[in-house]
1. Kindly establish whether Arg105 is basic (Lys, Arg) and either modelled with pLDDT under 90 or surrounded by 12 or more Cβ atoms within 10 Å (Cβ to Cβ) (or both).
2. Collect the residues in the range 75-105 that are basic (Lys, Arg) and within 28 Å of Ala59 (Cβ to Cβ), keeping them in residue-number order.
Amino acid sequence: MTTRPHPLPETPELTEVNDMCTSGAAQRALDYYLKEHRSMPASDGTLFAIKPDVSQEEALVHASDLLRSAAASAYESACSHQGNQRDLAFSVVYLIDMAKAMVERSLQAPGATANA
């Protein structure tokens with residue numbers, strides 16, 4: 001005669017461990033640490049890289065968009081401060097606007113700037 005073991009009651013800790021064992025993150029972590037031959041990406045110390053096929057115009061348009069976002073962030077920061085901190089934040093807005101104007105100027109057609 002064989003007896004059937006009584007199943008253990010489900011506890012929150014046991015459920016949590018079971019959930020972690022079946023999660024994608026746990027599987028990726030195990031693969032990372034247990035995989036014998038993994039290739040490490042070459043690092044040259046840069047945080048990001050620009051695709052080599054990006055044209056100068058595309059790069060300048062993207063830089064203009066980044067400067068617009070930076071100016072909006074600095075402006076919001078300036079509005080929430082007073083005194084010297086407000087003045088400093090508005091000076092950052094001004095510097096960003098000047099840089100953005102220079103980028104946009106470089107995007108204009110050469111003939112359009114000569115007549116101005």
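The values are calculated or read from the model by the stated rules, or taken from the named source; none is laboratory data. Quantities reported herein were computed from a predicted structural model and do not represent experimental measurements. Cβ: placed from backbone, ideal geometry, glycine included. Neighbour counts: every protein chain shown.
1. no
2. The answer is Lys100, Arg105.
Conditions tested, residue by residue: (1) assigned to a loop (DSSP other than H, G, I, E, B); (2) under 19 Å from the mean Cα position of the chain (by Cα); (3) exposed (fewer than 11 other Cβ atoms within 10 Å of the Cβ); (4) at pLDDT 90 or above.
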| residue | (1), (2), (3), (4) |
| --- | --- |
| Asp65 | no, yes, no, yes |
| Ser77 | no, no, no, yes |
| Asn84 | no, no, yes, yes |
| Ile96 | no, no, no, yes |
